[in-house]
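The values are calculated or read from the model by the stated rules, or taken from the named source; none is laboratory data. The shown structure was predicted, so the numbers you read here are calculated from the model rather than taken from an experiment. Please note: Cβ atoms are built from the backbone with ideal geometry, for glycine as well, and neighbour counts cover all protein chains shown.
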Amino acid sequence: MAPEAQELVDGTLHQNISGIGLDPTYVRAEGNSLWAAAHDGSETEIADFVCGYGSLLLGHNNPEIVAYATEVLNARTPIHSQFSRRPEANKVTEVLNRIARREFGTPDTYFGVFANTGAEAVEAAVKHAELDRGMRVLALVAQVTEHTEQARAAVASGAATVDAATLTRLGITSRGDGAGDLEALLAEVEAHNGRALSKAPVFFTLEGGFHGKLAASIQLTHNPSFRTPFTSLATNARFLPVNSAAAVRPAFEAARATVLDPVVTDGTVEIAEVAAPVFGAFFVEPIQGEGGIVPLAPEFAKEIAAVSAEFDCPVAVDEIQSGSGRTGAFFAASQLGLQGDYITLAKSIAGGVAKLSVLLVRESRYRPEFELLHSSTFAKDGFSTLIAQKTLEIMERDGGEVYRRATERGARLLDVLESVRADFPDVVKDVRGRGLLLGLELHDQSGSASPNVAGAQAGGVFGYLVSGFLLHRHAVRVLPTSSAPNTLRLQPSVDLTDAQIERLDAGLREACAALRTADEATLLGFLGARTF
């Protein structure tokens with residue numbers, strides 16, 4: 001017998017998930033279904049409630065998108081033509097602007113920065129925000145420098161004197177010499193400003209938030225198991241409790257800093273205090289995905305917008321999971337009245353066929369210099385941007401039929417989840433979300449009479465155990481969220497059928513009944529009887 005081939009990709013991961021039955025091989029995909037290769041050579045149809053972690057709002061291998069992709073490739077369309085005009089990318093950005101104006105009710109224009117993945121879009125947002133902040137710092141330094149020279153000239157000519165009260169306020173003893181007093185004052189200004197402007201930028205984000213796993217984006221992701229090993233690579237974010245409006249203003253007040261600016265007013269050199277540009281951005285998800293499907297409360301979103309504007313801090317809205325139509329509007333934040341200065345989009349933006357992400361930057365924040373500093377070989381390639389065009393055309397067609405379908409399918413699914421919770425309140429803790437971004441949270445099972453269930457809870461894999469049960473007993477594919485593993489995520493496509501919802505209903509009810517009675521034979525029986 002030939003030795004088994006060494007697994008060179010994700011071998012450790014596959015070994016860990018095989019014990020709970022989450023390692024099938026899928027061989028075909030269509031609509032809201034995957035087909036798993038069974039041991040006997042047949043295929044088993046699986047109702048997919050994961051759908052590429054939300055990348056497949058229009059379903060697996062959407063036939064219209066696949067046909068168009070084939071057409072694009074057969075036409076020998078230039079895919080890579082870097083350092084040239086990209087009308088396809090511009091068209092995508094135009095459509096996104098039209099949608100944003102409609103949903104947010106403003107005339108604002110957004111510029112597009114393209115990438116390949118959601119995490120890269122977040123990285124681009126962090127970089128652009130820091131470029132913007134740095135340019136504001138330089139402008140402020142130039143202002144202070146200009147005012148410093150004006151003060152020196154005014155004192156030297158006798159046109160101005162140093163304000164005695166200002167010296168006292170800054171703890172400077174007058175030398176009785178106007179020029180000497182001014183230089184002592186300016187030395188204190190320089191020292192103070194050096195301290196204020198050398199501080200690392202402040203990026204706010206939320207507890208439970210997830211913004212990717214690259215060098216900068218991972219520091220905005222709250223889960224310490226993901227973030228902590230890499231904290232030395234980037235500035236740490238400051239995490240605020242989600243949906244705590246009262247926590248927003250104190251966080252800004254604690255981080256604020258001022259720059260001292262010498263100004264000549266009516267023959268007197270005084271010191272004005274100017275807010276230092278210390279804030280990078282405030283990153284939020286309209287609905288936290290990996291954090292357990294947690295929607296932002298409207299009043300919390302309103303407070304973030306208001307206080308951020310007051311402190312000149314851009315708001316970065318991460319729509320990577322929640323956006324592109326999943327919640328019944330293209331931008332989930334529009335349902336909260338939260339308009340971002342930065343908006344990141346990915347996942348379903350290119351129909352689940354092409355890999356594409358877009359950072360939208362509001363014109364009032366946009367720095368054209370960024371275009372010369374940030375680029376990517378595969379960003380805004382000719383294939384992906386054309387597929388995004390087709391995807392947006394499908395979404396916007398018939399007055400937004402896709403959005404209505406997401407709302408209707410989501411409401412039907414939510415009714416089933418709420419019914420299960422009503423019948424098993426001792427097992428189901430909560431149901432949350434909007435549209436086709438829903439979560440079902442299970443109660444902690446540490447006290448279960450089943451040693452295996454209690455052990456799974458202690459090991460942080462209880463949600464995965466339930467997922468394995470649903471997969472093999474009911475041919476239903478769900479997975480828990482990465483940072484709230486007792487919450488099962490449900491992110492199906494608009495192709496979700498009533499029969500698949502009923503299958504999920506039956507599976508959840510059997511799982512809940514078995515958990516209620518600690519019925520290990522039912523919960524774990526699939527492990528010894530796997531067919532795929």
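Determine, yes or no, whether Gln143 is in contact with a strand residue (DSSP E or B) (Cβ under 8 Å, 6 or more places away or on another chain), part of a helix (DSSP H, G or I) and free of Cβ contacts under 8 Å to residues at least 24 places away in the same chain. Here the answer is no, as Gln143 does not meet what is asked.
Restricting attention to region 53-61, does a residue exist that is out of contact with any helix residue (DSSP H, G or I) (no Cβ under 9 Å at 6 or more places or on another chain) and assigned to a loop (DSSP other than H, G, I, E, B)? Looking through region 53-61, at least one residue is out of contact with any helix residue (DSSP H, G or I) (no Cβ under 9 Å at 6 or more places or on another chain) and assigned to a loop (DSSP other than H, G, I, E, B). So for region 73-89 (the condition being touching a residue at least 60 places away in the same chain (Cβ under 8 Å) and touching a strand residue (DSSP E or B) at 6+ places or on another chain (Cβ under 9 Å)), does at least one residue qualify? The answer is yes, given that some residue of region 73-89 is touching a residue at least 60 places away in the same chain (Cβ under 8 Å) and touching a strand residue (DSSP E or B) at 6+ places or on another chain (Cβ under 9 Å). Screening Ser482 with (1) modelled with pLDDT of 95 or more; (2) small (Gly, Ala, Ser); (3) within 17 Å of His14 (Cα to Cα) gives one miss only, at (1).
Exactly one residue among Val315, Val307 is surrounded by fewer than 22 Cβ atoms within 10 Å (Cβ to Cβ) and under 21 Å from Ala125 (Cβ atoms), and that residue is Val307. Step by step: first the residues of region 153-182, then only those that are among the polar types (S, T, N, Q) and out of contact with any helix residue (DSSP H, G or I) (no Cβ under 9 Å at 6 or more places or on another chain), then the one that is surrounded by the most Cβ atoms within 10 Å (Cβ to Cβ). Which residue is that? Top of the filtered list is Thr168.
Among the residues of region 26-52, the ones that are β-branched (Val, Ile, Thr) and not in a strand (DSSP E or B) come to 1 in all. Looking at His80, is it within 30 Å of the chain's Cα centre (by Cα), outside the structural domain of Gly352 (by TED's automatic domain parsing) and within 30 Å of Ala346 (Cβ to Cβ)? So His80 fits the description; yes. Report the residue count in region 518-532 for those that are of a type in the set (Asp, Glu) and assigned to a helix (DSSP H, G or I). The total comes to 1.
Across region 249-262, the qualifying residues are those that are surrounded by 15 or more Cβ atoms within 10 Å (Cβ to Cβ) and in contact (Cβ under 8 Å) with a residue 60 or more places away in the chain, and the one among them that is nearest to the chain's Cα centre (by Cα) is Phe252.
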